[in-house]
Each structure stands twice: as C-alpha cells, then as structure tokens.
Amino acid sequence: MKKKPALSFWQIWYLSFGFLGVQFGFALQNANVSRILSSLGANLHSLSLFWLAAPMMGLIVQPIVGGASDRTWNRLGRRLPFILGGAIVSITAMFLMPNSSFITSIMSPIIFGACMLALMDGSFNVTFQPFRALVADMLPDEQRNIGYSIQSFLINAGAVIGSVLPYFMTNVLGVRNVAPEGKVPPSVVWSFYIGGTVLILSVLLTIFRTKEYSPEKMREFEGIKEETPRVGFFKTLFSMPRTMLQLAVVQFFSWFALYLMWVFTTPAVAQHYWHTPVKDASSAAYNEAGNWVGIIFGAYSLFAAFYSVIMPWLARKISRKLVYSLSIFCGGIGYISMFFFHDPHYLIFSMVGIGIAWASILAMPYAILSSALPARQMGIYMGIFNFTIAGPQICSGLFGGLILEHFFKGEAIYMLVLAGVSMLIGCITVYFVKDKEIKEEDIKE
C-alpha cells in the first residue's frame, strides 16, 4: 500500500479556503434568519419550527452528496464539482432571501423566506460534506489533526466577518438598520449580497488551487488493485464503525445546544438585555439587539479561530478526546453564564467558552472519525455522520418552542441555560468514545 504524500501548509490552506466563504454565508444565516423571519411576521414560538428547514435539508442532502461524490470523477475531480454546484445555488438563495417581502404576488413573504432558508441551507450542505471528505482524501493520517484544525480556523474566520457585517454596515458605513414592518433592514440585505459574493470567490480559489487524486491513485493509497463493488446505502449504514455511534451521542448533546443558540439568542438578548418583546421586531431596540447578536456571534467565531491554531498542539500533548471533552465543557459554562450577566457587553466573556467548544466540534469529531473509516467510503460515511448533526437539531426544533412556552413562559434566555446543560452532558459522553489516535512516533517513513 502506497502512503499518501504529506502536503505543505499552503496546500492544506487552499484545500479548505472555500470553506471560509461558505461559513461567511452560514454565519449570516445563523445570526440573521430569526431576525429576518421575525421581520416577515413569524412569532417567537414558531421560530424553531421554521428553522427545522435547515437540519431537514442536511439530513436529506449530505448522505446523497456523500455517496455521489464517492463515485464521481470528472475534469474538476471527485469532491470539487459538488462544492462548486453548492456554491452557485447558495449565492442565488442568499440574494433572494432578504428580499422575501417583494414576492407578495406569488406567496406569503414568510413562506417564501422559509423556502429560501431551506434552499440556502441545503446548498450549504452540498458544499459542507465534500469539504470534510476532501481533507480526509488528500491528507495522510498524521496530517488530519492539522488539516481539520486549519479548516476550523478558516470556517471561523469567515464566520467572524459574516456575523459582524450587519453591525459594520450600520455603524461604520451608515446603512439603515430599520425597515418598515414586514421588510428586512437594508444593512442585512446588503450583508447577504456581500456574503454571497465572498462565498463564490473563495470556493473558486479552492477549485483552482487544488488537484484531487485520481481514482487509480486513491486505490494505490488504499492498497486495492481494482474497483470494489458498490455497497448499498442501508448495508453501509448498519455496518458503520462503533466509533461513529459513540461520537453520535456526543454530537446529539452538542448540536442540540447549538441549534437552541442560533434560534433563540436574538430574542433572548432583546428580552433579557434590551427589555424588548419579540412582537416589536421592527423596532429600533430589537434591531440594535440583533446587531449585537451579530457581534457576539462574530466574537465566538474569533475565539474559535484562535483556539483552532492551538488545538493540534493540545491534541498531541493531552489527546484528542480530552481536548474535545474540556472544550465542550467550556461551551456549557459559556451558555449558562449568559443568564447571570446584566450588561450585554459582558456576553463577550460567555463567547470565549462557546468559541472554544465550537472550534472543537468543527474539528475533533472529524479527525477522530476519519481514522476509523475506509477511505473508499469516506464520502458516504461523512454524509451519514451528518445524521448526528441534523437529528439533534430536528429534536431541538420540534420541542424547543414547546419547552419555551410551557416551561419557560416565553423567556428565551432560559433556552440558552438549557443549551449549557446539554453541553455539559455532552462533555461527559466523550469519555466513552474509542479513538484510534495515530501518534507521530508511530509513523514509519
């Protein structure tokens, strides 16, 4: 079996650079969709149901794309055609969604907005999965920690810019941050235009600077002399490695918490710090709170980007599992602390812990999982692994509004406390994950 050659730092950098633009768009979605849907008429208790469009699209799209990309090879390569196709659809949805209020002659703006959320998130998912598999395809085992950490850094660098952009548009460029009832503020509209442009340009840079290995080369690296027969989806599903099932438990508690954060942070901050009800979504105070949420989301992404730089070193020193567990613990403390502050500026401190958790969630599960997967089925298994992301979000979406209404009396800040408790449970479950970690001293030249 031939060993994959090690890639240089810049080759690994360009390998994932397109993810910066994709996450730029994803961050705009996460920080502003609740705000957009509220502006278009959605009430607080139904927000989590509208957000269900996102994980549902991931649940459907990623396994299909994963399996298809395993079997694809054309002039662009194996994963890159899907990355490009997803980027083109993403930019279209990003241009259309903030303009949902103008489609009144076709359907209700709120329904069109929900459809655009589904299309936008679905197209993001078309690019997410191939980017994950691309790192595993191109890098030898000993470089995957650094590969996924660089990917995590680029993801969070894009998220920082995307999250703070509406605030920058308003407070630096003077773009209006309020709009008539039923319309989206211009600061958000222009942010989505810029985000879509950055997305497609960064993806094109990855495509032009990355050359994937041919199917023949990949078989050499796996020690396979000829093409293996195609395995059915359900047989693949039920033969998944035990490590994947163990990681699924951790993923459940992690992503249940993240979904609660994305859906309920804007109303929580508006209620808890600006003392503004969600029904006043067109008010200046609510939109000021929305801009501040963009800032703190940018802050957790910034802290995550910095933490991504030191994660490979920490993983070598104390093991991937311990880094993963401690990082999620920090996230749990960060969420719970948001309840105890009374000045919104202190939320920056909460974001330190959340950023540490986010960086590890983006990198450690994939580094651990990729060492346990057969290379020829990397795409389909990475797609199936998305069930562990979409599933908890669907649970959170189905029950989040009910929990808020019946247990927390509409006080969204308690949903963030619940997210913290979920993260703390997640950090304990990491202990049960089996990690076949490859040490540098075990690598034979």
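In plain terms, the chain from residue 309 to residue 205 could stretch by 35.2 nm, reckoned as 0.36 nm per residue minus the Cα-Cα distance.
A helix-only calculation puts the chain at -25000 deg cm²/dmol for mean residue ellipticity at 222 nm, using -39500 (n - 2.57) for each DSSP H run of at least four residues, averaged over all residues. Taking each of 211/317; 2/321; 217/436; 217/317; 211/434 in turn, the alpha-carbon distance tops 31 angstrom for 211/317; 217/317; 211/434. Long hydrophobic helices in the chain, taken as whole DSSP H segments with a C-alpha length of 30 Å or more on their own axis and mean Kyte-Doolittle hydropathy at least 0.5: 9-40, 109-138, 144-171, 186-209, 242-272, 284-318, 320-340, 347-370. Is the range 273-414 best put as rounded, prolate or oblate by its Cα gyration tensor, with a ≥ b ≥ c the root eigenvalues, rounded for a/c under 1.5, and otherwise prolate when a/b is larger than b/c, oblate when not? In terms of gyration-tensor shape, prolate.
Gain on full extension, evaluated as 0.36 nm per residue between residue 319 and residue 343 minus their Cα-Cα distance, stands at 4.9 nm. In a simple Cβ point-charge model (Lys, Arg +1; Asp, Glu -1; nothing else charged), the chain has a dipole of about 920 debye relative to its Cα centre.
Seen from residue 84, the other residues with C-beta closer than 15 Å to its C-beta sum to a net charge of +4, counting Lys and Arg as +1 and Asp and Glu as -1.
Listed values (i) 22.1; (ii) 20.2; (iii) 36.1 include one computed from this model; for mean projected area of the Cα convex hull in nm² that value carries the label (ii).
Quick note: the coordinates plus some simple rules give every number you see, no bench work behind them. Since we're looking at a predicted model, the values are computed, not measured. Methodologically, a virtual Cβ is constructed for each residue, glycine included, from the backbone with ideal geometry; neighbour enumeration extends over all protein chains shown.
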